[in-house]
Structure formats: structure tokens, C-alpha cells
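Structure first, then comments.
The values are calculated or read from the model by the stated rules, or taken from the named source; none is laboratory data. Only a predicted model underlies this, so the values are computations on that prediction, with no experimental measurement involved. Here Cβ is always computed from backbone atoms with ideal geometry, including for glycine, and neighbour counts include all displayed protein chains. Keep in mind that these areas ignore ligands, DNA and RNA; they rest on the heavy atoms of the full protein, side chains included. Shrake-Rupley method; radii C 1.70, N 1.55, O 1.52, S 1.80 Å.
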Amino acid sequence: MMFGMQDQGGEPKGDYLGFLQKIGVSWESDKIVFDTDNPHPRFAGSPPQVVFVTERPDGTKPFNGQDPVVAGINEVVVLFGGAIKPAAGFEAQFVPLLQTGTRGGYNKFEEMTERHMLFGLQGPILPRQRTMTGASEVIAAHITAGETSGEAASKGKNVIVVADLDIFGDQFFVLNERGGDLDGDGIDDLRFDNVTFLLNAIDTLTGDAGLVELRGRKAQYRRMTTMDALTKEADDKRNAEIEAANAKAEAELKGAQEALDAAVKKIQDDASLDETTKAVLLKSREEAENRRLAAKRETIERDKARALKATENERDKSVESVRAKVRLLASTTPLLLPILLGFGVWLRKRGREAESIPSSRKRGAA
């Protein structure tokens, strides 16, 4: 509360976590998921917390053979979404609809926000350190269960839980109305299926599957899998170097903290000093070591930021090199066919001309 005013309390609010638990869902509300796979060069500067749920370089196809809600969907964008998982002890069927890839993880909510005394909750703050899990985090799921009888009788369940409402933002409806063609040239520049996902979810829950099937009948866009495979090595190297830089910084900070603790303990264990002298020495040593620790922390963070910047630059150079090779092949390969065709026509023409010359006029004739 501002200006020292105390919260006087009020009526208890809805227990949404308990509600989800009864449905069969555990929502880890302090998690914000991310995914380092980004298939769109125009969004290369987007934070990894903007998750593009689509076919990924590792070959996973999140929308194949799952639920009618995602039938015919190519790509859904999730903005700073959360993570859910099946609740312990519940036997409901839990089918993931949207999830991150294997090259993702999560950050804690407090790592990406801060509270200001006057302006309240501020964010998002993009942390450099990330918790890579190597496993998919579920963002949305379809929960179904039949009715049960007896002492533990319960009604049937048919619920879709989405740990992010930004995926239904106005901007996606605008994109949907334009059909993905942003500049009017007749070519789809962006084609996100967020609106289709929402409409499919509503129709599936209401039992109207006709429109869901109809929406799935649309052109499928093929991913540039070769391009993804060529850039995957650069992305993996970048992620490994980020993890190494973070681990090194943590180890150095831990060592500096241990040195401070050891200096304090040495004074506390010195039996030749009285309590007053110990207190004075402890205060003096703590102030000096804290200043030294703060300076070391600043140096460590600066070195880490420099290392991460170099890693990002190296990755960008590697990816640009791959793209330059692809552009070169794309511009030269179409020219080879007409050149080869022309050369073949020329050879055939020369052969037919040679056949039409009388033998007596050919070179070497007697």
C-alpha cells in the first residue's frame, strides 16, 4: 500500500488455482515460458517469451493428430504465456494443445517484473538469465472426463484451459481480417491462426464440429526445413554459450560471497576479541567486503553482458552467412535449367546439321 497505509482486507477473491485443481489442472502461475526457436526473420529482435507454436527444426509438429481444436492450424503466437500441467491425483484426460519446443524453458514472474511505490507493478523486464528445461512446457490443454457415480460421484468435464489471454488480442483479429496480406500484394506476409484457435475452441466446447472441419480446409504452408537445419547449429551454440556465461557469473559471485562469509566468521570465532570490538570489526569488514562485492558483481555482470553480446553477434553472423548462401542458390539455380536446356538444344541442332551434310563434303573424306 502507498504511503504506509495498511491493507484492511476485504471479501475473499475467487480461488482460481483451487478451481483449476478441481478440474484437474495445476497452473504454475509464477512461470513465464519462452522458446528460443523463432522461424520469422522479421521478428528476429523479439524476446524468446514470444513463443511461435509451429513445426520446429527438431521435427516436432505440435498440431498433428491431437485434438479437433487444432485441426488444420499452422501457427499460433503466444505472448508471455504461462505453464500448466495435469494435477496430481486426477484421472481426467489432459491433451496439450499449445506448448513450447524442447529448446525452451521458463523465467519466474518476479524476475521479469518489479514493484514501484507509486506506479505499482512494472514490466516486463527481459532477464538475460533463463532456465532451460530441455522439455516442452504446456501453455493450453483440453481436459475431458466422463461422469462418475457412487460416493465419489462427479459431473463430466469438457474444459479448455489457456494460460495466456494475449493470444486473443485485437491485433490478431486485424491480421485475420486482412488474411495475412499486410501490403496488399496478394501474398501472405503473416499468417497466425490465433483467431482460428479461439473459434475452434468455442465450437468444440459447444459440440458444433462442422465449422471446425471447414476451417481446417485451407492451404498448408511448408516450412523451410533445410534453412532451419542449417541455422540450428548456430542457435544451439548460442544457447550453450549463454548457459556457460551465466554459470560462470554465478560461480564467481558465489566465490565472492563465500569470501565475505569467511571473513565474517573469522572475526566471530576470534576468542581474543571482546563483543564490542567484534561488533566494530564486523561492521567495518562487512562494509568493506560489501563494497568489494558490489564492485566485483558489477564487473562480473559487465563481463557477462559483453560475452553474451559477442555470442549474439557471432550467432547473427553465422545465420546471415547461411542465409546468404541460400539466397545465392535461390538466385542462381533457376538460371541453370534454361542454360542447360539451351546447351542441349544447341548440341541437338549441331548433330542434326552434321547428319544433313553429304559424306563427300565432310572433313577427311577421300
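Decide, for the range 240-366, between rounded, prolate and oblate: order the square roots of the alpha carbon gyration tensor eigenvalues as a ≥ b ≥ c, take rounded if a/c falls under 1.5, and otherwise choose prolate if a/b is larger than b/c, else oblate. It would help to have the intermediate numbers written out before the result.
Details: a/c = 10.65, a/b = 7.13, b/c = 1.50.
It is prolate, given that a/c is not under 1.5 and a/b is the larger ratio.
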_Gyration tensor verdict on the range 92-140 (Cα atoms; rounded if a/c is under 1.5, prolate if a/b is larger than b/c, oblate otherwise)_ = oblate
_Residues whose placed amide H lies under 5 Å from that of THR133, excluding near-sequence neighbours_ = GLY104, GLY105, TYR106
_Starting from 0.36 nm per residue, how many nanometres of slack lie between LYS278 and VAL95 once their C-alpha separation is accounted for?_
59.7 nm
_Of LYS31/LYS61; LYS85/LYS248; LYS248/LYS296; LYS61/LYS85; LYS248/LYS309; LYS108/LYS283, those spanning more than 22 Å from alpha-carbon to alpha-carbon_ = LYS31/LYS61; LYS85/LYS248; LYS108/LYS283
*When the accessible area of the range 10-111 is computed with all protein chains present and a 1.4 Å probe, what percentage of it is carbon and sulfur?*
53 percent
*Extension gain, ILE23 back to LEU253 (0.36 nm per residue minus Cα-Cα distance, nm)*: 78.4 nm
*Based on the Cβ-Cβ distance from ASP303 to ALA44, what FRET efficiency comes out when R0 is 35 Å, to the nearest 0.05?*
0.90
*If you plug each phi of the range 75-87 into the Karplus form 6.51 cos²θ - 1.76 cosθ + 1.60 with θ = phi - 60°, what whole-Hz ³J(HN,Hα) values come out, in order, with x for Gly and Pro?*
7, 10, 9, 10, 9, 6, x, x, 10, 10, 7, x, 6
*Projected label distance in nm at ALA324 and ASP30, using a 7 Å step from Cα toward the beta-carbon*: 4.7 nm
*THR113 versus GLU353: modelled label distance in nm, points set 7 Å from Cα along the beta carbon direction*: 8.1 nm
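For the range 58-148, just say rounded, prolate or oblate: build the C-alpha gyration tensor, square-root its eigenvalues into a ≥ b ≥ c, call rounded for a/c under 1.5, and beyond that prolate if a/b exceeds b/c, oblate if not.
Working: a/c = 2.25, a/b = 1.64, b/c = 1.37.
Taking the square roots of the gyration eigenvalues as a ≥ b ≥ c, the range 58-148 is prolate.
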